[in-house]
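Shown next, in structure tokens, is the structure this report addresses.
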Amino acid sequence: MSTTLPTNHKELIKWVEEWTSILKPDAVYWCDGSEDEDKKMRQAMVDSGVAVWLNPEKRPNSLLVRSDPRDVARVESRTLICSEKQEDAGPTNQWGDPKETRAKLMKLYEGCMKGRTLYVIPFSMGPVGSPIAHIGVELTDSAYVVANMRIMTRIGTKVLEVLGDDGAFVKCVHSVGVPLAEGETGPAWPCDPENTYITHYPEAREILSFGSGYGGNALLGKKCFALRIASSMAREEGWMAEHMLILGVQNKKTGKKNYVTAAFPSACGKTNFAMLIPPAEMADDYQIFTVGDDIAWIKPQPDGSVRAINPEAGWFGVAPGTSNDTNPMAMESCSKDTIFTNVALTDDGDVWWEGMTKEEPAHLIDWKGNEWTPATVDANGKKVLSSHPNARFTAPACNCPTIDPEWENPAGVKIDAFVFGGRRMRDIPLVFQAYNWQHGVFLGATMGSEQTAAAEGKVGQLRNDPMAMRPFIGYHVGDYLKHWLDMGKKMGENRPAVFHVNWFRKTEEGKWLWPGFGQNMRVLEWILNRCNGTGHAVETALGFSPVKEDMNWNGLEFTDEDWDALMKVGGETLLETVKGNQALLDSIGDKLPKDIQAEQDLLIARLS
Ligand code: GTP
Ligand code: SPV
Ligand code: MN
């Protein structure tokens with residue numbers, strides 16, 4: 001190894017040396033985080049054939065990457081929590097025996113970087129040097145991971161400086177799992193789906209990932225560290241790591257600013273809500289500021305307030321459905337400096353995806369690299385999508401015009417409301433408020449959502465997703481719910497109010513009942529009115545709900561019939577679904593907090 005290492009951190013140097021001898025790369029490269037390095041990384045991706053430069057006049061400094069079609073989303077079936085004791089992983093996680101799992105991965109790692117470069121990425125989750133930030137170091141053989149981590153986190157020499165000679169860091173090892181023989185170049189997007197494992201060792205604060213190069217499987221700062229490992233750290237240390245966006249709402253008339261966090265499952269609208277543009281009729285009253293779109297680290301303060309930071313530095317956003325109508329701020333965010341993955345290429349060297357424009361382009365190269373026209377069908381005559389449903393853009397947060405001036409404040413922003421929500425075609429109303437904290441924790445615990453393309457599995461199937469954290473809680477879900485209840489006690493009387501929303505209710509004919517997107521401002525306004533003590537509500541079986549007159553309808557025609565359909569507390573099917581939640585609660589066993597079961601019994605009684 002070179003003698004001019006950028007650090008004197010003995011443990012880090014030793015760790016990298018040990019892994020180098022196992023992985024056997026041709027070269028080791030310590031990332032400095034510079035612009036020049038980023039250019040080289042991006043050019044290396046183009047040279048290897050996995051990426052193409054987009055037309056610099058349309059998308060300056062931006063790349064289109066096509067993954068292997070087998071490696072397009074998180075793989076929960078191969079994600080393991082390897083706590084020392086099996087019971088600490090709980091029923092929502094797959095447990096792996098730490099010794100056996102490590103041994104299995106070590107075999108896979110042996111020599112797996114032959115013919116490749118090992119990149120060492122020091123990264124900070126949270127502003128570099130801030131007291132709430134935590135540092136990780138990722139070892140990877142993927143230039144794509146380096147380029148994405150540079151957008152999604154803060155990387156490089158400045159992180160090593162903060163780490164010093166003996167600072168603590170989370171150890172993250174990643175390989176695409178495809179060694180190269182002498183002179184061989186290998187596939188453009190190397191991966192090993194049969195041997196993919198995403199494994200977490202909460203006690204050792206360590207992550208070992210093998211075989212996948214995509215998103216949350218490979219960008220280890222994101223779900224692996226900032227949620228799974230961090231949730232376990234947070235439980236020990238008295239804070240919370242949540243799958244939540246953070247937004248600020250400024251009342252332009254009074255100047256008052258409130259902050260809200262919201263937990264929606266993957267591909268259920270966090271990025272969209274975080275960047276909401278109020279409808280024209282409300283634009284004189286409100287301005288939305290974006291702090292985060294996916295992850296929040298939340299800390300109760302000694303004065304009883306609750307503050308949150310976004311540990312990330314970019315958006316890894318769902319492309320399909322994003323347009324100038326639905327989310328102009330996301331469109332602006334990815335107008336330059338962006339890495340697009342699995343979207344389509346236009347004839348003039350720009351990108352396109354389903355929903356970007358009303359009219360489909362006449363000709364594209366689709367996400368698999370094939371010729372595409374609106375008439376293209378597969379062998380069964382089914383229309384072929386030009387982009388994968390989980391196609392993503394990786395864009396710097398600072399490109400977002402609504403980025404909050406406070407977004408990098410190391411003290412975080414003060415939170416006034418927690419919102420839960422999911423995709424529920426039937427039976428769940430647009431919005432309601434929890435009666436109290438305990439009821440709010442119950443709402444989060446039993447929330448459900450129809451599955452999306454963000455993970456493998458059958459799209460559309462309803463599944464329980466406690467706090468939108470089901471795939472991301474790094475320990476036992478029963479202990480997690482208890483932690484939420486405990487945090488509420490720690491927060492005291494002025495703790496944030498809890499709400500539940502559902503943008504996704506449909507008519508019998510399958511049409512959206514609620515226009516969503518910017519119109520969600522109306523719901524947000526009611527939520528803030530409730531927080532600020534001015535909003536009216538009625539008590540229903542689910543919680544406190546607005547009646548139609550409680551909402552601002554300025555500029556939106558909405559019939560009483562549609563309102564009733566949207567707000568109906570859904571009869572038989574709801575009771576069935578609620579009873580179905582008992583299976584999740586039962587699976588938690590002894591660790592289920594009694595207060596949560598009590599809320600379940602009360603809800604069934606109210607609905608019966
Ligand atoms: P992850 O990054 O996977 O955690 O997802 P996310 O929660 O940030 O989801 P995102 O905001 O990217 O939205 C995913 C999909 O939901 C997109 O296709 C959006 O168009 C759609 N969507 C978002 N908000 C709304 C809404 O208010 N109404 C409707 N009907 N669809 C929405
Ligand atoms: C999600 O699936 O919730 C995401 C994308 O935000 S990934 O980083 O792949 O987890
Ligand atoms: Mn997410």
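None of the figures in this text is laboratory data; all of them are computed from the coordinates on show. Keep in mind it's a predicted model, so treat the numbers as computed, not measured. Using ideal geometry, Cβ is built from the backbone for each residue, glycine included, and neighbour counts are taken over all protein chains shown.
Screening Ser266, Ser231 for residues that are in contact with a strand residue (DSSP E or B) (Cβ under 8 Å, 6 or more places away or on another chain) and away from ligand 3 (no atom under 13 Å from the Cβ) leaves exactly one candidate, Ser231. Exactly one residue out of Gly213, Gly221, Gly186 is surrounded by 23 or more Cβ atoms within 10 Å (Cβ to Cβ) and out of contact with any strand residue (DSSP E or B) (no Cβ under 8 Å at 6 or more places or on another chain), and it is Gly213. Summed over the range 448-494, the residues that are within 13 Å of ligand 1 (Cβ to nearest atom), more than 26 Å from Gly238 (Cα to Cα) and of a type in the set (Gly, Ala, Ser) give a count of 4.
Which residues, counting only those in the range 501-521, are more than 8 Å from ligand 1 (Cβ to nearest atom) and surrounded by 13 or more Cβ atoms within 10 Å (Cβ to Cβ)? Break it down stepwise before answering.
So in the range 501-521, the residues more than 8 Å from ligand 1 (Cβ to nearest atom) come out as 501-502, 505-511, 513, 518, 521.
Matches in the range 501-521: Val501, Asn502, Arg505, Lys506, Leu513, Gly518, Met521.
Just one of the numbered conditions (1) crowded, with 18+ Cβ neighbours inside 10 Å; (2) closer than 30 Å to Arg70 by Cα is not true of Pro429: (2).
The residues in the range 261-295 that are out of contact with any Phe, Trp or Tyr (no Cβ under 7 Å at 6 or more places or on another chain), part of a helix (DSSP H, G or I) and within 13 Å of ligand 1 (Cβ to nearest atom) can be counted, and the count is 2. When we screen Thr101, Thr92 for residues that are outside any helix (DSSP H, G or I) and not charged (D, E, K, R), the only hit is Thr92. For the condition part of a strand (DSSP E or B) and surrounded by fewer than 24 Cβ atoms within 10 Å (Cβ to Cβ), Lys158 does not qualify.
Of the residues making up the range 104-126, those that are assigned to a loop (DSSP other than H, G, I, E, B) and either crowded, with 22+ Cβ neighbours inside 10 Å or among the small types (Gly, Ala, Ser) (or both) are Gly111, Cys112, Met113, Gly115, Arg116, Gly126.
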